[in-house]
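Worksheet: the structure to be examined is printed underneath.
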Amino acid sequence: MIATGNFRWLILIVLGAVSAGRLFLEHRLTSELREEQLLPVKLETKLRDEMSQEAFAAALGGMRSLLAVYYELEAFSAFTKQPPEWHTVDKYYSLGTKLQPLDPYYWEMHSWMMGTNAAESYAVDGEAPKGLEREMRRQYRERGLEILNRGLQFLPNNYKLHRRIADMYAFANKEVNPTPDHAKAAESYLKASQCEGALPFLYRFHVYQVAMVPGREVEAYQKLRDLYWKGGNNRAATLINLVKKFEQRFNVPLMLRIPEDGKEPPTRWSAINPFRFPKPRPDDNTPK
Amino acid sequence: MNAVPTTRPSANLSLLSSFRRIGVLAGHTFTQLVRMKIFYFMLVFCLVLFVSGFLLASISPDQELKLLKDTAFGVMQIFSAIFGIMAMALLLPKDIEDRTLYTILSKPVRRWEYLLGKYCGVLLVLLVSLVVMDAMACGALHAKFKFAESQMMGFYDEQKSAGKITEEDYQVGVSDALTRLREQGVRWQMQTAVVAIFLKAAVATALALLVSTFAGSTIFTILVAISIYVIGHLQAGARESLLQPPVPHSHGIPVQVEPPGVITKVFAGVISVTFPDFQVYNVVDSIVTGKTIPGGALMRMAGLTAVYLIIYLGLAAFVFSSKEL
């Protein structure tokens, strides 16, 4: 018989005890899910000042993904205006990244909008004074990098964010990035290639960048050759051209060079890296 | 009004017949809700899918897929919780108003069996709705993925045949774009997100049932249940202030944390014990972005849900057993 006399109180006490005991179960599960980065990051308190009361309540109520979608649409709307309202784009994507910091998508999009689109819009606009334009481009590019570096604090092993940083350092643009930093690009491509789920061509991109860093030619040649002999998609035209360029530069003996297009290697010796066998002397590092 | 006795001497008390009665009541509740045309809200869901998937402007195909997926799963979360709360808030007062409750309880049916039957009926409708919404969302996502994939391949093929890009650029571009598209497409792990949504809605529904056992009106039940739903998302903070020493925030971002005072601790204790932690079900966003929830964690989540249901349904039965009808 349920709920009569003292039995009812017993039920109440048992339920109270179960309710208190479940706190440890909740705590353990929360810790486990946090470790796996499956739970959303705690909302920053200052976020309350940046969004409406209703939106903040909705975010607290577990509707963060929907709110982030809404803010992205707002950002997109500001982006498509003529001229684009970059400060509004920045504001809404900032909210998106704050709501969903464990989603690399928002960091990538935010950085791309500011570091590439906003920066380049000042390159093609041509209405503002040249000095101001240059400064705006520099600032937006810096903003793009800053966003990605902040994203890496939340997602240190995300290949997309490392790759975006590498892209920003690597690609030369007369107006926005006149002096690409190939060493930094190489480093970021390498980090990207070592992350889980990284796309296979990222290591190749790292090697391409190394090839453009003065003083690292031998390292680049060795890596390029290794990639060539791994075969598959690595035997891309850019890679083959770079290998051939270095072969000429280092006067590599013909039998140790990679074969001409479509031809079989003259001997199996050609698969041996000339800088590993025989071991290069220190002065071999100097390009000829 | 006469008080309905809590038990009847003629009642068949065996567990099997108890389950049978609960099953009959659940089936009746399911039919009752279906007759209330509640499945019409699926049309709204279709509309949401259509608008987010095909009408909203976006920059890239993977962005379109993400928009569709995030919206679909977000709306599934809202719909399931609201539906559970609304249904529970409506059913009990309706049975009292129609006097169906008295007819049922005058038969050899115990009060807790009646409550559990109603609850299971609502859960059944929730389950069917979620399965249908999931199927619709996955169908729309798959169709959109296929369309985006063929468009993307067409674009790269065209560029390659026109000599605008090299073979290497073609391979890199296709592999990159395909990876991005696949990340936003349909994956089996997404079904674990639907399980988490269902478990969360089951707890919200149990809470609404508890509130409706002592509430004076439907509006009161809905408002209180929604408030509890929101508070439940903050419960983790209160609990952590009790069980965990204050530490700087994770991800290397330092945050100044003051140790809580006695009053704060008492307040946090009351909140932690009274309200469920809805935050643990918020794995949905991570799963949707491509992460996988370990099987053990999912089992523990189901176990925690079972504990919540025992507590809240037990309390509901306790309150309802002594309620003057």
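Rounded to the nearest 20 Debye, what is the dipole magnitude of the stretch B:140-239 about its Cα centre when Lys and Arg each give +1 and Asp and Glu each give -1 at the C-beta?
Details: 9 positive and 8 negative charges, 117 e Å.
Charge dipole of the stretch B:140-239: 560 debye, to the nearest 20.
Would you mind checking the stretch B:83-118 for residues with the amide N under 18 Å from a putative spin-label position 7 Å along Cα→C-beta of B:Val24? What the label zone holds, given the 18 Å backbone N cut-off, is B:100-118.
Each listed q (0.10, 0.11, 0.13, 0.14 Å⁻¹) maps to a log10 I(q)/I(0) for the stretch B:129-284, found by the Debye formula over equal Cα scatterers with no solvent: -0.66, -0.73, -0.85, -0.90. Note on B:Gln189/A:Asn157: beta-carbon distance plugged into 1/(1 + (r/R0)^6) with R0 of 22 Å gives a FRET efficiency of 0.70. More than 31 Å apart: what percent of Cα pairs in chain B qualify? Counting pairs separated by more than 31 Å, the tail of P(r) holds 46 percent. Chain A contacts chain B over a buried accessible area of about 5900 Å², both sides summed; the probe is 1.4 Å and only protein chains count. When the alpha carbon gyration tensor of chain A is reduced to an equivalent ellipsoid, its three semi-axes come out at 52, 31, 14 angstrom, largest first.
Across peptide B:314-322, what mean number of C-beta atoms from other chains lies inside 10 Å of a residue's C-beta? Spell out each step's value before the answer.
On the way: counts 7, 5, 0, 4, 7, 1, 1, 5, 3.
The per-residue average across the peptide is 4.
Relative to the dominant Cα principal axis of chain B, helix B:218-232 is inclined by about 50°. Please check: in the Gaussian network model of chain A (C-alpha springs, under 10 Å), which one of A:Gly231, A:Gly61, A:Gly16 has the largest mean-square fluctuation. In this elastic network of chain A, the residue with the biggest mean-square fluctuation among A:Gly231, A:Gly61, A:Gly16 is A:Gly16. Surface exposure of chain B, expressed per residue as accessible area with a 1.4 Å probe, stands at 45 Å². For the stretch B:90-143, the list of trypsin sites (Lys or Arg not before Pro) that fall in a loop by DSSP and count at most 13 other C-beta atoms within 10 angstrom reads B:Arg99.
Just subtract the alpha-carbon distance of A:Gln139 and A:Asp49 from 0.36 nm times their residue separation and send over the number in nm, one decimal.
Numbers: separation 90, 0.36 × 90 = 32.40 nm, distance 2.49 nm.
Length difference between fully extended and current span is 29.9 nm.
The trypsin sites (Lys or Arg not before Pro) of the stretch A:56-135 that meet both conditions, a loop assignment by DSSP and at most 16 other Cβ atoms within 10 Å of the site Cβ, are A:Lys81.
Applying the criteria of a DSSP loop state and at most 14 other Cβ atoms within 10 Å to the trypsin sites (Lys or Arg not before Pro) of the stretch B:129-228 yields B:Lys164. Under 24 Å of direct C-alpha separation, and excluding same-chain neighbours fewer than eight residues apart, B:Lys37 reaches these lysines: B:Lys94, B:Lys118, B:Lys200.
Counting only protein heavy atoms and a 1.4 Å probe, tell me what percentage of the protein assembly as shown's accessible area is made up of carbon and sulfur. Whole-percent figure for carbon plus sulfur exposure: 62. Computed from the C-beta positions of A:Arg28 and B:Ala135, the FRET efficiency with R₀ = 45 Å rounds to 0.85. Counting Lys and Arg as +1 and Asp and Glu as -1 over every other residue whose Cβ lies under 11 Å from the Cβ of B:Thr218, the net charge comes to 0. Excluding same-chain neighbours fewer than eight residues apart, the lysines reachable from A:Lys130 by a Cα-Cα span under 27 Å are A:Lys81, A:Lys91, A:Lys174.
Of all lysines in the structure, the ones whose alpha carbon falls short of 28 Å from that of B:Lys146, not counting any fewer than 8 places away in one chain, are A:Lys160, B:Lys66, B:Lys69, B:Lys160, B:Lys164, B:Lys291. Stretching B:Arg35 away from B:Glu158 to a fully extended chain increases their span by 38.9 nm, per 0.36 nm per residue minus the current alpha-carbon distance.
For chain A, the solvent-accessible area works out to 51 Å² per residue, with a probe of 1.4 Å and every protein chain left in place.
The values are calculated or read from the model by the stated rules, or taken from the named source; none is laboratory data. These numbers were taken from a predicted model, which means no experiment stands behind them. For neighbour counting, all protein chains shown are included, and Cβ atoms are generated from backbone atoms with ideal geometry for every residue, glycine included. Quick note on the areas: whole protein, heavy atoms, side chains included, nothing else; ligands and nucleic acids left out. Shrake-Rupley method; radii C 1.70, N 1.55, O 1.52, S 1.80 Å.
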